[in-house]
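Dumping the structure here so I can ask a few things about it.
The values are calculated or read from the model by the stated rules, or taken from the named source; none is laboratory data. Here the structure is a predicted model, which is why all the values come from computation and not from measurement. Cβ atoms come from the backbone with ideal geometry, glycine included; neighbour counts cover every protein chain shown. In case anyone asks, the SASA skips ligands and DNA or RNA and just uses the protein heavy atoms, side chains included. Shrake-Rupley method; radii C 1.70, N 1.55, O 1.52, S 1.80 Å.
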Amino acid sequence: GDTGLADALRRWLFGYTQANPMFLRLMVQNALEFEPPLGLIRSFAVDDDAAVKGTIDLKARGTRLFVDCARVFALAHGVAETGTATRIRLAGACLHVAPRHIDAAVEAFHFLQLLRLRQQDRPGDGNPNRIDPYALHDIDQRMLKEALRQARQLQERLRLSHRL
């Protein structure tokens, strides 16, 4: 189709969002609504609901954190790209974040996506986004913790950049 229409809409949207601090503030609050499922001392904060006890929803409490933060950064800085990893990279450059921190956030997002894909490949599982983090081997557990720490750092950068 005619991408010119989408480009015109995007230009209008960026003009509106960048000039509207209340809108951005609400988007930031939405992006900060959920925290990464990390416990206090080397543990995961798993769900207690009987139907999903002992699991983490990697989409709702993992990748969504990256997607929401990247979306707000993109709207605030006029980043037209729609992919989360690209948004993080371009917004990070706008915010003068060190490349190693940007790379860490992108790799953490990709690792969470990899865990979701692995789970979806297993036959018969009810919710392909849910995992038992303690069923992972030690290296994947450590990587999951670090990926969730990266989500927390991204949220903190968002909080600080919008003074919340």
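Scan Leu75, Leu115, Leu90 and give me the residue that is in contact (Cβ under 8 Å) with a residue 60 or more places away in the chain, crowded, with 17+ Cβ neighbours inside 10 Å and at negative phi.
Of Leu75, Leu115, Leu90, the one residue that is in contact (Cβ under 8 Å) with a residue 60 or more places away in the chain, crowded, with 17+ Cβ neighbours inside 10 Å and at negative phi is Leu75.
Out of the residues in the range 110-143 that are under 21 Å from Ala85 (Cα atoms) and of a type in the set (A, V, I, L, M), state the one that is modelled with the lowest pLDDT.
This residue is Leu117.
Of (1) at pLDDT 95 or above; (2) assigned to a loop (DSSP other than H, G, I, E, B), Ile88 satisfies all except one. Which?
Of the numbered conditions (1) at pLDDT 95 or above; (2) assigned to a loop (DSSP other than H, G, I, E, B), the odd one out for Ile88 is (2).
Test Lys53 against the stated conditions and say whether it is open to solvent by 90 Å² or more (accessible area, probe 1.4 Å), over 22 Å from His162 (Cβ atoms), out of contact with any strand residue (DSSP E or B) (no Cβ under 7 Å at 6 or more places or on another chain) and at pLDDT 95 or above.
no
Does the range 118-140 hold any residues that are surrounded by 13 or more Cβ atoms within 10 Å (Cβ to Cβ) and acidic (Asp, Glu), and which are they? Let's see the steps before the verdict.
To start, the set of residues in the range 118-140 that are surrounded by 13 or more Cβ atoms within 10 Å (Cβ to Cβ) comprises 118-119, 127-133, 136, 140.
Across the range 118-140, the qualifying residues are Asp132, Asp140.
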